[in-house]
Amino acid sequence: NYNVKFNGGMFTETNELARTLNTASYEMQKTDFYQRDLIANVSHDLKTPLTMIKSYAEMINDISGDNPEKRKEHLKVIITEADRLNKLVSDMLSASKIQSNTLELDKEIFDLVAVTEEIVATYKVLNEQNGYHIRLNKCKAAYVYGDKEKIKQVLSNFVSNAIKYCGEDRVVIVEVKRIGKKVRVDVIDHGDGIASDELSHVWERYYRTSANRNRSIEGSGLGLSIVKGILVLHNANYGVKSKVGQGSDFWFEMDTVKKPTDTECKNKTHG
Ligand code: ADP
């Protein structure tokens, strides 16, 4: 609360100042809130897999060491949780590199259609046995110049989110098509969708929509901020269309380039 006195022309200026201070203070409170929330979230996210790893290692030590079946089961949990921890820590590292503008690209010419196919195939293997249907509608090869591994990360993030948030429908559609000189990938689900006032925030670090914040669906809120960082570095267009109750369509598009010759493929360029 600021005391703003009417004093001729001063009114507007003081009022302006008060408004600016108010906004700044709101922003600071928001940042502070996010920082505190962030530490709480991150500690929780790191602690959960660590606790699981420790408990299951203790179980092997105490009870399942002599039982090959049980031991295998318990070791599987340890491996899954260690993978989760690994992913979380690498996401935190990527997010931090993006924030400090130190994320580097290792660029080469590659076929975005083939890479999309590869990612879809991986998610099919992992999820179709659990009743998910992942469909791919694709065009002919479309070459782009970019960091293949990081573009794979973008695709993985969109597809894994679509699987996570597709609800009862369990259908995910991936489309890769040419639009003039560009190639565009859409990852579509028919899940709960995202409210319009939250849409622009989903690309922010640690942001999770109110609908998902308290649900058991796991997530750090880091994925899309990393996606945004990677796509911005590639000068790619990206966005999301979503309607509550109807689902979401996360997309990006890149410029196509000429198919590389065999020698160009062998001499991968950097930078
Ligand atoms: P998270 O690890 O929480 O999934 P992301 O950064 O990938 O983090 O996504 C941020 C938030 O955006 C998610 O927590 C979720 O609320 C929302 N979101 C992302 N993808 C979808 C989707 N396909 N449908 C509905 N909500 C989504």
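Computed from the coordinates by the stated procedures, all read-outs in this text should not be read as laboratory data. Predicted model only: the values in this text are computed from it and were never measured. We place every Cβ from the backbone using ideal geometry, glycine too, and count neighbours over all the protein chains shown.
Here r is the Cβ-Cβ distance between residue 261 and residue 128 and R0 is 30 Å; the resulting FRET efficiency, rounded to 0.05, is 0.20. Note down the relative contact order for the stretch 32-112 as a percent, whole number, built from C-alpha pairs under 8 angstrom at least six residues apart. Reported relative contact order: 27 percent. Across the stretch 122-271, how large is the tail of the calculated P(r) beyond 22 Å, expressed as a percent of all Cα pairs? That fraction is 43 percent. Once the chain from residue 67 to residue 211 is taken as fully extended at 0.36 nm per residue, the excess over their C-alpha distance is 47.6 nm. For the stretch 94-147, compute Rg over Rh where Rg is the Cα radius of gyration and Rh is the Kirkwood radius from the inverse mean 1/r over Cα pairs. Expressed as Rg/Rh, it is 1.13. Between residue 140 and residue 106, the simple spin-label model (points 7 angstrom out along Cα→Cβ) gives 3.1 nm.
With the Cα gyration tensor of the stretch 87-197 giving a ≥ b ≥ c as the square roots of its eigenvalues, does the rule (a/c under 1.5 for rounded; else a/b larger than b/c for prolate; else oblate) give rounded, prolate or oblate? Oblate.
Residues in the stretch 228-239 carry Karplus couplings, in order, of 4, x, 5, 5, 5, 4, 8, 6, 8, 7, 7, x Hz; the curve used is 6.51 cos²θ - 1.76 cosθ + 1.60 with θ = phi - 60°, and Gly or Pro positions show x. If the chain linking residue 55 and residue 90 were pulled fully straight, counting 0.36 nm for each residue of separation and taking away their Cα-Cα distance, it would gain 10.2 nm. Would you mind checking 97/181; 138/228; 87/228; 76/150 for any pair whose Cα atoms are more than 25 angstrom apart? Too far apart for the 25 Å limit: 97/181; 76/150. Annotation: extensible slack from residue 99 through residue 182 equals 27.1 nm (criterion: 0.36 nm per residue apart, minus Cα-Cα distance). Model label sites at residue 83 and residue 42, defined 7 Å from Cα along the beta-carbon direction, differ in position by 2.5 nm.
3J(HN,Hα) couplings calculated from phi for the stretch 90-96 with the Karplus curve 6.51 cos²θ - 1.76 cosθ + 1.60 (θ = phi - 60°) are, in sequence order, 5, 5, 5, 5, 4, 4, 5 Hz; Gly and Pro show x.
Derived value for the stretch 158-209: Kirkwood hydrodynamic radius 12.5 Å. Basis is the mean of 1/r over every pair of different alpha-carbon atoms.
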